[in-house]
Structures are given as structure tokens and as C-alpha cells.
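What follows is a single structure, written as C-alpha cells, with notes after it.
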Amino acid sequence: METPSTRPRRSLGRAVLTVVFALFALSAWWQVVNDVMDRSNEPAILTWWQVLICAVAAVAAWWSWKGVRWAPAFALLYGVITGAMVASLAPILALPAESRQGLWIGGALVLGFGLWSAWWLQRSIRRDRARETSHIVGFD
């Protein structure tokens, strides 16, 4: 008979996604700090977008690391919010037409990353939970 492990085993993919989301959160936080310290000359709405992105990415990173079942939802939410921010940059910054072309593609790519990472996390967390329950004492 085996006893359950006290330390959850994380997959390499989940660890990589944790680091990626942590870096996204750090990047958004850096932007917020620069905006608040008047180092950049951006509209206030972009600062609030970055605060929201920072919070969602930080939760996605932490919950990915811990294997919380809501981690995929926050990964998807990161993609939706960040993609929406990228797509809305044209009217916020009053960009000329030639500068707007790549924003929709960029927003779609970020949304695609959110979808893919949510799928990967869901798969990884389910696999880890199945592995944990199969090692319960008396069921081997």
C-alpha cells in the first residue's frame, strides 16, 4: 500500500505557464507603477486596464502553481481582458488608420493564448487530480 504524497507533483507545462502568468502580472504592475509615478503620459483608462490585467494574471499564476480548479478560468479571463484592451487601443490612443491594422490580430492572438492556456491547465489539473485519487490507501 502506498500513502498519498504530501507534496503535489506539478507538470513542467504547468510550471512554465505559472512563470509566464507571473511575468505578465509583473509587466502589468510595472506599467501601473510607471503610470502612477507620472513616468508615462497615458490615459487613465489604460492604467485601470493594467491593474485588472495584473490582478487576473497574478491569480492565474498562483492558482496554476497550486493546481486550483479555477486556474483555467482565470487564464481564459486573462486572454479575454488583455485581448479586449489591445483591441481597444485604437480609439483610446486615437491612432491613425495605418497603426490600427495589427491591433485586432494582436488581440486575437492574446485571446488565443488565453484559450490554449486554459485548455492546457484544465487538462493538467484533471490529470494530477486523477493521479492523486488513484493512490489513496486501500484503492491500489
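So here's what we get for this one:
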{"item": "LEU23 being surrounded by 14 or more Cβ atoms within 10 Å (Cβ to Cβ) and of a type outside the set (Gly, Ala, Ser)", "result": "no"}
{"item": "Residue selected from the stretch 65-123 under the condition among the basic types (Lys, Arg) and touching a helix residue (DSSP H, G or I) at 6+ places or on another chain (Cβ under 7 Å), by the criterion surrounded by the most Cβ atoms within 10 Å (Cβ to Cβ)", "result": "ARG100"}
{"item": "From the options ARG7, ARG14, residue that is under 17 Å from the mean Cα position of the chain (by Cα), under 23 Å from ARG129 (Cβ atoms) and at pLDDT below 95", "result": "ARG14"}
{"item": "Pair list, Cβ < 6 Å and 6+ apart or interchain, from the stretch 11-28 residues that are at positive phi to residues that are surrounded by 14 or more Cβ atoms within 10 Å (Cβ to Cβ) and in a helix (DSSP H, G or I)", "result": "none"}
{"item": "Residue satisfying all of: in the stretch 43-59; in contact (Cβ under 8 Å) with a residue 40 or more places away in the chain and of a type outside the set (Val, Ile, Thr); nearest to ALA130 (Cα to Cα) among these", "result": "LEU46"}
{"item": "Scope the stretch 65-102; condition over 25 Å from ALA44 (Cβ atoms), of a type in the set (Gly, Ala, Ser) and modelled with pLDDT of 95 or more; matching residues", "result": "ALA71, ALA73, ALA75"}
{"item": "Residue in the stretch 42-56 that is among the charged types (D, E, K, R), at pLDDT below 95 and either surrounded by 15 or more Cβ atoms within 10 Å (Cβ to Cβ) or not in a helix (DSSP H, G or I) (or both) present", "result": "yes"}
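The values are calculated or read from the model by the stated rules, or taken from the named source; none is laboratory data. Worth saying up front: this structure is predicted, and the values here are computed from it rather than measured. Cβ atoms come from the backbone with ideal geometry, glycine included; neighbour counts cover every protein chain shown.
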